[in-house]
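The values are calculated or read from the model by the stated rules, or taken from the named source; none is laboratory data. The model shown is predicted, which means the values in this text are computed figures rather than measured ones. Because the Cβ atoms are built from the backbone with ideal geometry, glycine has one as well, and the counts that use them run over all protein chains shown. Side chains are part of the model used for accessible areas, which takes the heavy atoms of the whole protein and leaves out ligands, DNA and RNA. Shrake-Rupley method; radii C 1.70, N 1.55, O 1.52, S 1.80 Å.
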Amino acid sequence: MAKKPILDGYRILDFTQYLAGPSATRLMAELGAEIIKVEMAPYGDPSRAFPYRKNKRSAYYVQQNRGKKSLCLELKDARSQTIVRELIGECDVLIENYAPGVIGRLGFGWEQVRALNPKLVMCSISAFGQTGPLSHLSGFDYIAQAYAGVTSVIGEPDRPPSLPMLAIGDVTTGVHAACALSFALLDVHRTGVGQHLDISLLDCYFHQHEVNVQAYSASGGQIVPRRAGSHHYAVAPTGIFRGPEGYIMILALLHQWPVLCKAMGREDLIKDERFKTNELRVANLQELIALIEGWLQGFPTDAAAIEALQAVRVPVAPILTVPQAIAHPHHRARGTVRQVSDRMLGEFDIPGMPLRFSGHPELPELQAPFLGEHNGEILAGLLGYDAARVAELEGAGVLVSAAH
């Protein structure tokens, strides 16, 4: 007998758009939760317009919304609000990532929804949180990143800060939200009472400072985190080195320095006055870089240099491009890169499911919804609306659908 998915039986009312919120419900859909994605008429989630698009179908939208059901409503219409209130009574979770206050103005703030369903868990995702001096501001990933002190440490020391070309903040905020929702649902089982979760991009970004905050604070300001370009400002050797063909990442922590010296045939460097402690290696970083890169240049290829370091277990990696990473056999073998098939876009690659369970090794085959694709199914199946009533709401523009 096939096992039920981990989140089978849980129903999520999903008012999220773009990326942070959809990342949370994407993980929950993969684990079997029923996700009712409420999209604002007439266009739905704005990410439906994001590239890459083909026949008005967005691969960006598909990646984040596979396995969800789309209910497209004119939310300012009183009849839509009635539908949402009825659905709240049928759901375990309401998740939203509008700017603070918007969901309340629609009539579905925490006090309203808890009155409709005391066991409901509500999760609000925003740039700066529901409270605090910045909470009224709108913001996206890079905005929260800048306030978190993260952007200031990315890039070359003598040039403006740089942007990472991926949505670190949005996706990790989604993961934090999914984690918090799981814990809150466990608490509902114990207490029978739901609660409101306040998850912000800023909090999640700040959570990722592993060295910077404690080092600055505990040192009384003696250590000031800064942009250091291709090499870490506090740990050496840790950074990107020029190899015989391209660039190589080497990360030799404290106990690995002697191992690296032996691999280089330079055991004399272990107790060299310039390099015998981490602090001295950081202070004499340019000399250290020159020594390591000089050694790397003696190999015929980057692969040969990497193999020599892997043989003595010094952490090392090639700097792969996105196409190289997509094609890498390890990523393919583990499903880190996953090929999916969409009804309009055909087959293409997306990032794989990062959560792995021994009891549930198989992943479901999921499809992203067309706009309003499940309007009739949701209203009939959960709320008992008959076909005539659904048709009346469609004719009045309360329900909207489109084949993309």
Q: Working only within the stretch 281-336, note down all residues that are among the polar types (S, T, N, Q) and touching a residue at least 40 places away in the same chain (Cβ under 8 Å).
A: 297, 301
Q: Take the stretch 275-291 and flag every residue that is assigned to a loop (DSSP other than H, G, I, E, B) and open to solvent by less than 80 Å² (accessible area, probe 1.4 Å).
A: 275, 277, 284
Q: Return the total of residues in the stretch 98-117 being part of a loop (DSSP other than H, G, I, E, B) and either open to solvent by 20 Å² or more (accessible area, probe 1.4 Å) or over 17 Å from residue 45 (Cβ atoms) (or both).
A: 8
Q: Report the residue count in the stretch 337-369 for those that are out of contact with any helix residue (DSSP H, G or I) (no Cβ under 9 Å at 6 or more places or on another chain), touching a residue at least 60 places away in the same chain (Cβ under 8 Å) and open to solvent by less than 40 Å² (accessible area, probe 1.4 Å).
A: 1
Q: Just give me the residues in the stretch 327-370 being part of a strand (DSSP E or B) and out of contact with any Asp or Glu (no Cβ under 8 Å at 6 or more places or on another chain), in sequence order.
A: 342, 346, 347, 349, 350, 351
Q) Only one residue in 239, 229, 243, 174 is within 30 Å of residue 28 (Cα to Cα) and either within 18 Å of the chain's Cα centre (by Cα) or open to solvent by less than 60 Å² (accessible area, probe 1.4 Å) (or both), so which one is that? A) 174
Q | Hey, residue 120 touching a helix residue (DSSP H, G or I) at 6+ places or on another chain (Cβ under 7 Å), modelled with pLDDT of 95 or more and open to solvent by 50 Å² or more (accessible area, probe 1.4 Å) or not | A | no
Q) surrounded by 12 or more Cβ atoms within 10 Å (Cβ to Cβ) and part of a loop (DSSP other than H, G, I, E, B): does that describe residue 320? A) yes
Q: Kindly provide the set of residues from the stretch 129-141 that are in contact (Cβ under 8 Å) with a residue 40 or more places away in the chain and open to solvent by 20 Å² or more (accessible area, probe 1.4 Å), ordered by number.
A: 130, 131, 134, 139, 140
Q) Taking residue 387, is it of a type in the set (A, V, I, L, M, F, W, C), out of contact with any Pro (no Cβ under 8 Å at 6 or more places or on another chain), over 22 Å from residue 11 (Cα atoms) and exposed (fewer than 15 other Cβ atoms within 10 Å of the Cβ)? A) yes
**Q.** Filtered residues of the stretch 1-51 (kept if under 20 Å from the mean Cα position of the chain (by Cα) and in a loop (DSSP other than H, G, I, E, B))
**A.** 7, 16, 17, 18, 19, 31, 32, 33, 45, 50, 51
Q) Quick check: anything in the stretch 65-74 open to solvent by less than 50 Å² (accessible area, probe 1.4 Å) and at positive phi? A) yes
Q | Subset of the stretch 261-274 (residues that are exposed (fewer than 14 other Cβ atoms within 10 Å of the Cβ), outside any loop (DSSP other than H, G, I, E, B) and not basic (Lys, Arg)) | A | 267, 268
Q) Since residue 155 meets every condition but one in (1) touching a strand residue (DSSP E or B) at 6+ places or on another chain (Cβ under 9 Å); (2) open to solvent by less than 60 Å² (accessible area, probe 1.4 Å); (3) touching a residue at least 24 places away in the same chain (Cβ under 8 Å); (4) not hydrophobic (A, V, I, L, M, F, W, C), which condition does it not meet? A) (1)
(Q) Being touching a residue at least 60 places away in the same chain (Cβ under 8 Å), assigned to a loop (DSSP other than H, G, I, E, B) and closer than 17 Å to residue 116 by Cα is the filter here; which residues of the stretch 61-91 pass it? (A) 90, 91
Q) Before we move on, is residue 52 aromatic (Phe, Trp, Tyr), touching a residue at least 24 places away in the same chain (Cβ under 8 Å) and open to solvent by 10 Å² or more (accessible area, probe 1.4 Å)? A) no
Q.
Tell me the residue from 392, 373 that is within 19 Å of residue 45 (Cα to Cα), surrounded by 14 or more Cβ atoms within 10 Å (Cβ to Cβ) and out of contact with any Asp or Glu (no Cβ under 6 Å at 6 or more places or on another chain), please.
A. 373
